[in-house]
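A quick write-up on the structure given underneath.
What follows is calculated from the coordinates using simple rules that are stated; it is not laboratory data. This one's a predicted model, so the numbers in the text were calculated from it and none came from an experiment. Note: ideal-geometry Cβ built from the backbone for every residue, glycine included; neighbour counts use all protein chains shown.
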Amino acid sequence: EDEYWGIGSDAARNPYAVVAAFARLRTPVRTSAAAEILEWNVGELYEADLFDQLAGIISFHEAWPGSEVEVLRARHSIIADIVWERCVEPPFRSILLERSLGALNLNFGIDAKAFEHFVRDDFGVDGLSSFETRTAFFEAACRKDPRSPYVRQHYARMLRRAGYPELVLSQIQKALEMSPDVHVVRHTEGIILSDLALNATSHDIARRRL
């Protein structure tokens, strides 16, 4: 925490927060995506004073040897976990996650992997400030990858945890329409129908769910 708050300005802390959002999921962030999330141009990431304040905290690397794609990494993923959970305020987390989804280009393997991790991150999603914010996060994810049954599946899982069983059923049915034979989606459907059966207001409804 002292490392984060010891950075001299918000202009330098904000890139650290962006990198932490990705590092806690054990994935780097492309420099151009980071700039878009911050609403900067890429050149601002290399500004000398900013670079000096973040030296040794975040670093620039080639995405793979010989690659022209450059990424940012945190020096330590567990420190990034602490920074995200204890230092970055929940409203700013919501903003960063929303912008992160928008900045990801799924044509890049790095971004596709990051997108998958963001969608599957139950702890991070549940840490968003409100149910409306969590819903907006998944609506943005559905727009980003509209043909993925897994996005809908995790959307349904979030709705189940939030206690909206009928909304849950509609999302898992959309996932099944996309991929009716995916076992993990069928498993989620079974859990949802079990919830509905156990909590039904009448025996007839419960039997149908069963």
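Structure notes:
- Of the trypsin sites (Lys or Arg not before Pro) found in region 1-60, the ones in coil according to DSSP and having at most 15 other Cβ atoms within 10 Å of their Cβ are R26.
- Taking P165, P65, P149 in turn, the Gaussian network model of the chain (Cα-Cα springs below 10 Å) assigns the largest fluctuation to P65.
- Cα-based helix-to-principal-axis angle, 90-103 vs the chain, degrees rounded to 10: 90
- Per principal axis, descending, Cα span of region 52-98 in whole Å: 38, 24, 21
- The GNM of the chain, with springs linking C-alpha atoms under 10 angstrom apart, assigns the highest mean-square fluctuation among A21, A114, A55 to A55.
- Sites S130 and E68 - FRET efficiency at Förster radius 41 Å, r taken between beta-carbons, to 0.05: 0.55
- Amide H contacts under 5 Å for V29: L72, restricted to partners 5 or more places along the chain or on a different chain, H placed in the peptide plane at 1.01 Å from N.
- Within region 117-153, the trypsin sites (Lys or Arg not before Pro) that combine a DSSP coil assignment with at most 14 other C-beta atoms in a 10 angstrom radius are R147.
- For the chain, the longest principal axis of the Cα atoms and the long axis of helix 165-178 meet at an angle of about 80 degrees.
- Förster radius 35 Å - calculated FRET efficiency between E139 and D52 (Cβ-Cβ, nearest 0.05): 0.30
- Placing a pseudo-label 7 Å from each Cα along the Cα-to-Cβ vector at T201 and V184 gives an inter-label distance of 3.5 nm.
- Sorting the segments 97-106, 189-198, 69-78 by their residues' average number of neighbouring beta-carbon atoms within 10 angstrom, most packed first, yields 97-106, 69-78, 189-198.
- Rounded to the nearest 10 degrees, the inclination of helix 183-198 to the longest alpha-carbon principal axis of the chain is 60 degrees.
- Charge tally around L104: other residues with Cβ under 13 Å, Lys/Arg +1 each, Asp/Glu -1 each, net 0.
- GNM flexibility winner over the chain from N41, N14, N199 (Cα, springs under 10 Å): N199
- Largest to smallest principal axis extent of the C-alpha atoms in the chain, angstrom: 69, 36, 25
- Rg to Rh quotient for region 117-210, alpha carbon positions, Kirkwood Rh: 0.99
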